[in-house]
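The values are calculated or read from the model by the stated rules, or taken from the named source; none is laboratory data. Keep in mind it's a predicted model, so treat the numbers as computed, not measured. No Cβ is skipped: glycine too gets one built from the backbone with ideal geometry, and neighbour counts run over all protein chains shown.
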Amino acid sequence: MNKGYVLFLTLTAMLLSGCSNGLPLESSTRLTELDAYWAEVARCVNEGDYQGYKATCHKDGVIVSGSSNKAYPLSKALKKWEQDFTDAQSGKTQCNVEFRFSRRLGDETTAHETGMFLYTKVNPDGTITKDYIHLEALLLKRGNWKIMMEYQKSKGTKEQWDTLKSSKR
């Protein structure tokens, strides 16, 4: 049988069964939307767009810090981080964040994402810091995706980071 014809039959069967790229169409759409969400979070951090970043967070969101063993409102964390956004926007510092995931669960309105983020900061004196952080995130979609819970579990390593796939599919 012709390889092209076999591929055609396989893709047709996947589409007829509601699948795309081996994922249900619903999951594929959800992951595309979530990839766009994380890209927007990264853009806000990279550009120092505090209001844009704040808009990605649910008003009742919670942050959990594994390193300090604390949980508190995300609004409190946002106030603490605001100066970092101001410094990035003015060019005083350069910030970058990237996300990679090992597990992505959910449906069309809920998501639980497990993975890591890499936060890189170039300080005014030129020193570069890189923080690899294990992450779990709980998101809800009410019109747009919003983070409800960000659990920064623990510090990670470059080696652990390298084992994860980029959120860009």
Count of the range 71-94 residues which are surrounded by 15 or more Cβ atoms within 10 Å (Cβ to Cβ), in contact with a Ser or Thr (Cβ under 9 Å, 6 or more places away or on another chain), within 23 Å of residue 61 (Cα to Cα) and not charged (D, E, K, R): 1
Pick from the range 155-167 the residues that are polar (S, T, N, Q) and surrounded by 13 or more Cβ atoms within 10 Å (Cβ to Cβ): which of them is farthest from residue 130 (Cα to Cα)? 167
Hits in the range 60-81 - residues which are without any contact (Cβ under 8 Å) to a residue 60 or more places away in the chain and in contact with a Lys or Arg (Cβ under 9 Å, 6 or more places away or on another chain): 75, 78
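Residues checked against (1) among the hydroxyl-bearing types (Ser, Thr, Tyr); (2) modelled with pLDDT of 95 or more; (3) within 14 Å of residue 45 (Cβ to Cβ); (4) touching a Ser or Thr at 6+ places or on another chain (Cβ under 6 Å):
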position	(1), (2), (3), (4)
99	no, yes, yes, yes
104	no, yes, no, no
112	no, yes, no, no
124	no, no, no, no
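Which of the residues spanning the range 55-97 are acidic (Asp, Glu) and either farther than 25 Å from residue 143 by Cβ or touching a helix residue (DSSP H, G or I) at 6+ places or on another chain (Cβ under 7 Å) (or both)?
82, 84, 87, listed by residue number.
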How about the range 121-163: which of its residues are over 15 Å from the mean Cα position of the chain (by Cα) and of a type in the set (S, T, N, Q)? 123, 127, 129, 154, 157, 160, 163
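Quick one: is residue 145 in contact (Cβ under 8 Å) with a residue 40 or more places away in the chain, among the aromatic types (Phe, Trp, Tyr) and outside any strand (DSSP E or B)?
No.
Which count do you get for residues in the range 48-63 that are surrounded by 16 or more Cβ atoms within 10 Å (Cβ to Cβ) and assigned to a strand (DSSP E or B)?
5
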